[in-house]
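Data first, discussion second: the structure below is written as structure tokens.
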């Protein structure tokens with residue numbers, strides 16, 4: 001149960017309209033990158049508990065696209081974006097919730113090697129207004145992010 | 001020579017790390033969209049005077065990728081990004097100068113119909129720090145943008 005010891009930090013940046021997320025994992029940089037780029041792995045951990053994930057498009061290469069849908073009890077939530085850059089320890093991607101197509105986030109994920117098979121995920125999500133950023137924070141996204149990472153912990157543990 | 005009467009406004013947003021560009025054109029919304037999505041048309045106007053444009057990848061659909069190179073006197077400048085969303089009067093795309101791969105801009109272009117065959121381009125370019133935004137403004141980008149739009153004026157005039 002070592003995977004329950006890590007806290008997810010979700011912070012509003014004081015000077016730019018950005019949310020910063022930091023989270024440690026018992027996994028290597030390569031494992032974390034695969035969890036974010038392999039569609040089958042990604043579908044197994046992303047999103048809040050009890051949501052079914054359906055990948056509709058996925059090309060996790062620089063310039064590729066992605067699209068998926070979360071479903072629960074007849075409710076459906078679609079998301080889409082582009083992989084702007086996919087490197088060895090960094091992914092830059094765009095993100096839109098299809099229910100609010102005007103809203104676009106530019107996300108950067110960096111995976112820092114902490115040694116001993118551990119790593120730290122640094123994620124930042126930039127939008128074009130503080131109002132949009134604060135709505136995003138107020139939307140309950142924290143629960144979905146944290147529940148997803150607990151699933152990712154379990155996936156990494158099963159992979160050891 | 002009607003195309004010399006429009007000014008390009010380039011402004012630093014006071015509250016978010018964004019550059020805003022506004023420019024009128026003697027062209028329809030459809031013409032402006034084609035000038036930004038058709039690779040042959042785009043190559044004819046983008047960039048500073050005297051630069052040759054070479055399109056290396058181009059898929060101007062939602063989720064598609066783009067990549068091009070500007071060349072002059074043996075100098076070469078590469079750029080790449082993704083088309084996050086391509087609509088009827090709006091394009092959201094990412095932008096990176098390959099010489100500074102850490103820098104990523106999220107660009108939104110909106111074409112406003114002014115009637116009488118004229119339109120107004122509203123472009124915004126968002127980055128993740130004010131330092132990055134101010135370096136971008138100090139890089140001489142204004143000259144390239146303005147010279148490109150004068151070429152686009154000529155292209156629209158030839159199309160009438």
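The values are calculated or read from the model by the stated rules, or taken from the named source; none is laboratory data. Here the structure is a predicted model, which is why all the values come from computation and not from measurement. FYI the Cβ positions are ideal-geometry reconstructions off the backbone, even for glycines, and counts take in every protein chain you see.
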Original post:
Quick check, is residue B:123 within 14 Å of chain A (Cβ to nearest Cβ), under 20 Å from residue B:153 (Cα atoms) and modelled with pLDDT of 95 or more?
Top reply: yes
**OP:** Select, from B:50, B:27, the only residue that is in contact with a helix residue (DSSP H, G or I) (Cβ under 8 Å, 6 or more places away or on another chain) and part of a loop (DSSP other than H, G, I, E, B).
**Re:** B:27
Subject >> Flag for residue B:100 being in a loop (DSSP other than H, G, I, E, B) and either at negative phi or under 16 Å from the mean Cα position of the chain (by Cα) (or both) >> reply: yes
**OP:** Confirm whether residue A:117 is over 22 Å from residue B:101 (Cβ atoms) and without any contact (Cβ under 8 Å) to a residue 40 or more places away in the chain.
**Re:** no
Original post:
Applying the selection to region B:109-132, what residues are buried (at least 18 other Cβ atoms within 10 Å of the Cβ) and closer than 19 Å to residue B:47 by Cα?
Top reply: B:109, B:121, B:123, B:124, B:125
Subject >> Failed item in (1) over 30 Å from residue A:116 (Cβ atoms); (2) within 14 Å of chain B (Cβ to nearest Cβ), with residue A:48 passing the rest >> reply: (2)
Original post:
Does residue B:41 satisfy being within 25 Å of residue B:156 (Cα to Cα) and away from every other protein chain (no Cβ under 13 Å)?
Top reply: yes
Original post:
Would region A:103-111 turn up any residue that is touching a residue at least 40 places away in the same chain (Cβ under 8 Å) and assigned to a strand (DSSP E or B)?
Top reply: yes
**OP:** Check whether at least one residue in region A:77-87 is surrounded by fewer than 17 Cβ atoms within 10 Å (Cβ to Cβ) and within 13 Å of residue B:104 (Cβ to Cβ), and report yes or no.
**Re:** yes
**OP:** Answer yes or no as to whether residue A:69 is out of contact with any helix residue (DSSP H, G or I) (no Cβ under 9 Å at 6 or more places or on another chain), within 14 Å of chain B (Cβ to nearest Cβ) and more than 30 Å from residue A:115 (Cα to Cα).
**Re:** no
Original post:
Within region B:126-159, how many residues are part of a loop (DSSP other than H, G, I, E, B), more than 14 Å from every other protein chain (Cβ to nearest Cβ) and touching a residue at least 24 places away in the same chain (Cβ under 8 Å)?
Top reply: 1
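From A:15, A:22, A:62, grab the single residue that is assigned to a loop (DSSP other than H, G, I, E, B) and either crowded, with 16+ Cβ neighbours inside 10 Å or away from every other protein chain (no Cβ under 14 Å) (or both).
None of the others qualify; the one that does is A:62.
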